[in-house]
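Presented below is the structure to which this report refers.
The values are calculated or read from the model by the stated rules, or taken from the named source; none is laboratory data. Since the model is a prediction, treat every value here as computed from it, not as a measurement. Glycine gets a Cβ as well: all are built from the backbone with ideal geometry, and neighbour counts include every protein chain shown.
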Amino acid sequence: MKLSFTNSTRSKGHESGLQFRLWPTGKILLIMKLTAILLFITCLQVSAEGYSQQITINVKNGSLEKVFAQLGKQSGYHFFFNQRLMKDAKKVSLQLKEATFEEALAACFQGQPFNYVIVEQTVVVRKKNEPAPVVSATPPPLILIKGRVTSEAGEPLPGASVRLKGSTKGATTDANGEFSFTLPDGTEVELEISMLGYKPISLKPESLTGIKVALKEESTTLENFVVIGYGTAKRKDFTGSVSSVRMENSPMASLPNLNALESLKGNVTGLSIGATNGAGDQPTMLLRGKNSISGDNNPLIVLDGTVFLGSLGDINPNDIASFDILKDATSAAAYGSRSANGVIAITTKKGRSGKPSISFNTSTGLQTWQRMPVMMKGEEWLSVVNARNKYTAGSINWLKPGEVANRDAGKEINWLDESTRTGLIQSYQASVSGATSNVNYYLSSSFDQNKSIVQGDDFKRISVLAKLNANITSWLEVGVDGGFSRRDYSGVAANLGEAQVMSPYGVMFRDDKGNLEKYPYTQSAVNPLWGVNDGTRDNKDIRNNYRLNSHLLLKAPWVKGLTYRLNYLLNQDRNQSGDFTYESNFIAEGEGIARYSPAAIQGFLSRANGVINNNSTYSYVVDNILNYKQDFGKHSIDATLVATRDYQRFEMVRGIGSDFAANGNTALGMYGLHKATVQKVDLENGDTKPYERANIGYLGRLSYSYNDKYFFTGSYRRDGASVFGANNKWANFSAAGVAWRISNEGFMKGIKQLNSLKLKLSWGQNGNQGIAPYGTLSTIANSNSGGVRYQFTNTGSAIQYGLFQNALGNSSLGWEKTAAWNAGFESAWLDERLFVDVDLYSSQTTDQIFTRSIPVMTGFKNMKTSMGQVDNKGIEVTVRSVNVRKSNWGWNTSLTFWKNQNRVVSLYGDDLNKDGKEDDDLANNLFIGYPLDPIFGYEQIGIVQADDAEYIALTGAAPGAPKYRDIDKQPGITAADRKILGNQNENFRMSISNNFNYKNFDLYVMVSGTFGGNGYFLRDNQAAYLTSGTARFNDNMTSKPYWTPENKSNVYPSAYFAGDGRFMGLQSRGFVKVQDVVLSYKVNAGLLRSLHVNAAKFFLSAKNLATFTDWHGGDPEEGTRVRDNIFPVPSSYSFGANISF
């Protein structure tokens, strides 16, 4: 026989309560045990004096147990009953408002085959005519429940919830993963163990004091949830394509990443994250290829469920709990507006149940330049300069006196070494978090600093985040989070382009006090360190961000599953930037120290100048979300209605000042622009102009599933955008997806190795705003900037300015639309130890926005118009395996592969040459039937040799020059000999990561590669082959075996070949990189107890450890060529610790 006990603190949905097994004795023993239990529970439970005795309840055909739960919650009374009695209970319909507890009980038990008696704060349900229990003061004996919760790898899991099934009785695990609590003797023990990020389980332990539980991570199961548009869904039920990356407690969280995106690199199929090469820099991102020719191709960012209109640099990576990447149209369609390029949904951390947790995370590391170019040393440089200028071998008469002195002294300068340093990267974060049954909070503050490899390239960030969620009542939840970040990019960085061409014998300093010489050798080549730390320039770049995100959630108590949510996000950027060039920057070329005298410098006051720029971006997003979610037997429905709008406003004020001769000094720098003779205030800067833009959207979405086998998702969205023409501001977007969990069919049960197999197919259409605000309007140019001057008036020297229409508007300009198909499957095998996911997709983006040339007789040269189509197709494969799963060690592997191909299908529809085919756009490098970013030019087939008499006669080329294929067989190499040589985009990408753990050690290694082949992933790289062609006769260069009559190279042109407008020097940028390595150690909890520390982890990490490539130059991922003034991609090595109290 089982008895159930309910109380007011029990969570909704656990109506079964505590279950006790009674001894099979007589009625007296039954009454004694029942009485003892009542007394014991009365001692344990909080007083119910504060509970309301006014009962309001509305139930229709509800179970008696559910009614007991609601009555207990409102009154504070407990209900005690035999489970067998409930089998005879009748359905209850009640509609009471502010009734007394006694009136509610009377209505509840009316017509029931049993009645009740109240003992203290407990309602005891009994059969009719059964005597009431007699209260005894003897408490029942207690039993101890004790055990430990770990991960599958044997790591302790602090903060896990261990509860008696159907009850709130239980405990939270400590830092060692251990728990203990007591129960009345005779209780039937069935435990529910759960923790965020792990699959919950239920178990009936054989031993009550030696319970051992190993939880399985959700990242290796099909049960975890994914963030979708305006809600969440179970991954196993979802019809679209979504990839998830869990950051919290993952190896990626230990990497020295200062931006939010680097953690995704190589972990998500279809998502290409670019290299990060500057301090505080943000990488590029591209999801499933380029859809738009001229518009924005960046995915939409969603932060904690709301569209985020700020900068990713304002989101502290340490505050991120997880990413969900919505790739197909069905997944992203909910965000219709601007979601054609996919969606990256970011979820920040929150508190966990249990005691408040105080955490401190820190890391400090060094950065080095892994692929620094090796420039020629002094004597080789002298020889090469003579060769490429056809000077007499051994000539040095062209050296400057300072260079001669350094050569005679045996002194050479490695300018790249002088312009760079060992970089420093450090991060500190402190957080406080916790949760109760009604309140969840997370507070964090962090400081990040990066002094990059390049001198003067510095970054600092301070960020603060505070999150609070509160359940005010059972039907009302409110939440608010506020964030602030301050990013400082101030400073002038060294010029690496100049550093790579400087004379090895050049003069670094003008005196013995360490003052720089501006012109180390010749022809206005400026010292690469000039302006960095010498006081000749000031630079300021500070970006402040303020963010407030709030929500309200109402749960309709009268309709189960119906909720209304209001999201309101405010975001403001306030940026301050400025630059000031002092008179000392304008030192004249020449010899001698007199050029730097105070009198000489004073003469340049008229050239001193500066600018201050203050700009702000204000935006808000408002979402109204109505959702109904309910299960009806084997049927499940999730319906959502959304009304959303967002607004963004950009403003700027720019002050400019020059000529400080009259003022006599520039002591105030940029803050003294008001002292300048020439002053100007601008509200715009080139193409950067003030603007306002707004969007409105309405969405309806329905998700349906039947019997955990068949799934459907359909949505319809209508969007309006202010940036489009008056005739085309609105567009409609629809999407639909179906999925079939075929593994749940009876005919699949015989495949024992298969745990789950879901087939999916989806189609949808999304929009892209490929135009800036006011881009559809006709514009006017006037005043001085308009350039329409009239000065022949009777007003003397006064100049009058006219105005004119300088752009032709197009009121029909509208949305770029992308329609996409996605098909694939998700599968789990071998007891969820092998996971294989495959997606195939294709998309068509139409109504591309172009700037089109038009006949000049219209009075205009061009206008914007919508036409053309670009297609993308690709494949994505993810394979994950649990290779070893032991109590003290484990090994997991993840492999990702993706390949995307795009193609220009149509452009303007012109056929001017009447060949029956649509014309290409050579001026903009667009070719029908070819991918975007093609390489069009002359095919090089080697180097002209002295015996190539026929080619020399045909083209007039000299020996040692590049040799090109003559396609049209006409004399000379002409424009008709050009062809498509390849493409700048990669062929495919692939990465493999392994995570090994042994006892307290954990090792994570990721190797990633981007591959070319078949003409893909090429780039021009002339400097890898040319010895000349730098525009200065004596610039330095990398060493190469250039062509000579004796060295008949067929790869490298002669030393004096300076380029012919055709030579590209194409090279493949394909590479394989050891991208991430993390080694961590978790300190045994027993060693930390005396220090009052819950957990401690120490780690070593490395990024970009090694690169294998045939690319000649800097990092192939960035495509950096020799002599490019582009910051290098650093290799980072860091040490850190995560400590919680």
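Where in region 1055-1141 are there strands (runs of 3 or more DSSP E), lying wholly inside it, with at least 2 residues that are not polar (S, T, N, Q)?
On the way: elements: 1066-1068, 1071-1082, 1095-1109, 1130-1140.
Of the strands (runs of 3 or more DSSP E) lying wholly inside region 1055-1141, those with at least 2 residues that are not polar (S, T, N, Q) span 1071-1082, 1095-1109, 1130-1140.
For region 72-95, how many residues are modelled with pLDDT of 80 or more and part of a strand (DSSP E or B)?
4
Is region 290-312 home to any residue that is under 28 Å from residue 899 (Cα atoms) and of a type in the set (D, E, K, R)?
yes
Give the residues of region 627-645 that are exposed (fewer than 15 other Cβ atoms within 10 Å of the Cβ), farther than 21 Å from residue 307 by Cβ and not acidic (Asp, Glu), sorted by residue number.
So the first thing to find is which residues in region 627-645 are exposed (fewer than 15 other Cβ atoms within 10 Å of the Cβ), and the list is 630-635, 637, 643.
After this cut, where a residue has to be farther than 21 Å from residue 307 by Cβ as well, the list is 630-635, 637.
Hits for region 627-645 are 630, 632, 633, 634, 635, 637.
Check 605, 552, 529 and return the single one that is closer than 28 Å to residue 1032 by Cα and among the hydrophobic types (A, V, I, L, M, F, W, C). Reasoning before the result, please.
Details: 605 fails: closer than 28 Å to residue 1032 by Cα; 552 fails: closer than 28 Å to residue 1032 by Cα.
Sole residue among the options that is closer than 28 Å to residue 1032 by Cα and among the hydrophobic types (A, V, I, L, M, F, W, C): 529.
Please work out which residue is modelled with the lowest pLDDT, limiting yourself to region 749-771 and to residues that are touching a strand residue (DSSP E or B) at 6+ places or on another chain (Cβ under 7 Å) and either over 30 Å from residue 705 (Cα atoms) or loosely packed, with under 15 Cβ neighbours inside 10 Å (or both).
Taking region 749-771 as the starting set, the residues that turn out to be touching a strand residue (DSSP E or B) at 6+ places or on another chain (Cβ under 7 Å) are 753-771.
When the remaining residues are screened for being either over 30 Å from residue 705 (Cα atoms) or loosely packed, with under 15 Cβ neighbours inside 10 Å (or both), the result is 753, 768-771.
Values: 753: 91, 768: 84, 769: 83, 770: 76, 771: 84.
My answer is 770.
Among (1) farther than 20 Å from residue 288 by Cα; (2) of a type outside the set (Val, Ile, Thr); (3) in contact with a Lys or Arg (Cβ under 9 Å, 6 or more places away or on another chain), where does residue 804 come up short?
So the condition that residue 804 fails would be (3).
Quick one: in region 247-290, which of the residues that are of a type in the set (Val, Ile, Thr) and closer than 24 Å to residue 1120 by Cα is farthest from the chain's Cα centre (by Cα)?
Our first condition is that a residue be of a type in the set (Val, Ile, Thr); within region 247-290, this holds for 268-269, 273, 276, 284.
Filter once more, so that each one left must be closer than 24 Å to residue 1120 by Cα: 273, 276, 284.
Working: 273: 9, 276: 13, 284: 10 Å.
Ranking the candidates gives 276 first.
Going by the structure shown, is residue 244 crowded, with 19+ Cβ neighbours inside 10 Å and either of a type in the set (Phe, Trp, Tyr) or modelled with pLDDT of 80 or more (or both)? So that I can check it myself, show each step before the final result.
Details: crowded, with 19+ Cβ neighbours inside 10 Å: yes; either of a type in the set (Phe, Trp, Tyr) or modelled with pLDDT of 80 or more (or both): yes.
Yes; evaluated as a whole, the condition is true for this residue.
A quick yes/no check of all residues on (1) crowded, with 17+ Cβ neighbours inside 10 Å; (2) within 30 Å of residue 374 (Cα to Cα); (3) among the hydroxyl-bearing types (Ser, Thr, Tyr):
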residue: 505; (1), (2), (3): yes, yes, yes
residue: 513; (1), (2), (3): no, yes, no
residue: 531; (1), (2), (3): yes, yes, no
residue: 545; (1), (2), (3): yes, no, no
residue: 551; (1), (2), (3): yes, no, no
residue: 555; (1), (2), (3): yes, no, no
residue: 560; (1), (2), (3): no, no, no
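Would you be able to tell me the number of residues in region 809-824 that are surrounded by fewer than 22 Cβ atoms within 10 Å (Cβ to Cβ) and among the hydroxyl-bearing types (Ser, Thr, Tyr)?
2
Got a number for residues in region 918-935 being over 34 Å from the mean Cα position of the chain (by Cα) and not in a helix (DSSP H, G or I)? Steps first, answer last, please.
Within region 918-935, the first condition is being over 34 Å from the mean Cα position of the chain (by Cα), and the residues that meet it are 918-923.
When the remaining residues are screened for being not in a helix (DSSP H, G or I), the result is 918-921.
The number of residues fulfilling the criteria is 4.
What number of residues within region 635-660 satisfy the criterion of being out of contact with any Lys or Arg (no Cβ under 9 Å at 6 or more places or on another chain) and not in a strand (DSSP E or B)?
The total comes to 0.
Only one of 1083, 1129, 1122 is modelled with pLDDT under 95, farther than 30 Å from residue 455 by Cα and under 36 Å from the mean Cα position of the chain (by Cα). Can you tell me which? Show your work before the answer.
Values: 1129 fails: farther than 30 Å from residue 455 by Cα; 1122 fails: farther than 30 Å from residue 455 by Cα.
The conditions single out 1083.
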